[in-house]
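Colleague: If you scroll down you'll find the structure; I have some questions about it.
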């Protein structure tokens, strides 16, 4: 009876950990993607600045480039972009990297407020510039529809 209880607990723990691992979404910078540190077979987030002059619309598909000022990654997104999406401003996109090197986003989050940037994004931009701070780069990450997103004014689009 004890062995059956332990086996059941082990199976339950395995299922919980498996579900947790499959729902984890990691954040990578363009420099990390260029260094081949990002996964090719699962979803992750890319963050940085929308490169000026890189936004091109073709029907409902939007192509743009995300940069950390050292490396850049092309992004394709098929949906309506958030109202706050702008060239030169912070963006976080969730999706996957294709074999052709294009990041196919399923969700794009944008914020133009100059007050907050996640520590990992700020550190990545600082490393990409060789340790020099940049007062113009900002980024806010919040899930659309969450209370934090409402307070921060974050909007986001996603495939439906």
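Bear in mind that the values in this text are calculations on the coordinates, not laboratory data. Computed from a predicted structure; not experimentally measured. With ideal geometry, Cβ positions are generated from the backbone for all residues, glycine too; neighbour counts draw on all protein chains shown.
Colleague: I need the full set of residues from region 90-111 which are in a strand (DSSP E or B), closer than 16 Å to residue 38 by Cβ and over 8 Å from the mean Cα position of the chain (by Cα), in order please.
Modeller: The answer is 96, 97, 103, 104, 105, 106.
Colleague: Continuing with the same structure: Only one residue in 14, 61, 29, 8 is touching a helix residue (DSSP H, G or I) at 6+ places or on another chain (Cβ under 6 Å) and surrounded by 10 or more Cβ atoms within 10 Å (Cβ to Cβ). Which one?
Modeller: So the residue among 14, 61, 29, 8 that is touching a helix residue (DSSP H, G or I) at 6+ places or on another chain (Cβ under 6 Å) and surrounded by 10 or more Cβ atoms within 10 Å (Cβ to Cβ) is 29.
Residues are listed down the side, and each one gets a yes or a no for (1) more than 16 Å from residue 29 (Cα to Cα); (2) in contact (Cβ under 8 Å) with a residue 24 or more places away in the chain:
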| residue | (1), (2) |
| --- | --- |
| 62 | yes, no |
| 65 | no, no |
| 77 | yes, yes |
| 95 | no, yes |
| 100 | yes, no |
| 103 | no, yes |
| 110 | no, yes |
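Colleague: Scan region 37-56 for residues that are surrounded by fewer than 18 Cβ atoms within 10 Å (Cβ to Cβ) and on the phi > 0 side of the Ramachandran plot and jot them down.
Modeller: Passing the criteria: only 53.
Colleague: Could you pull out every one of the strands (runs of 3 or more DSSP E) wholly within region 38-79 that has 3 or more residues that are farther than 15 Å from residue 92 by Cβ and under 15 Å from the mean Cα position of the chain (by Cα)?
Modeller: By residue number, 72-78.
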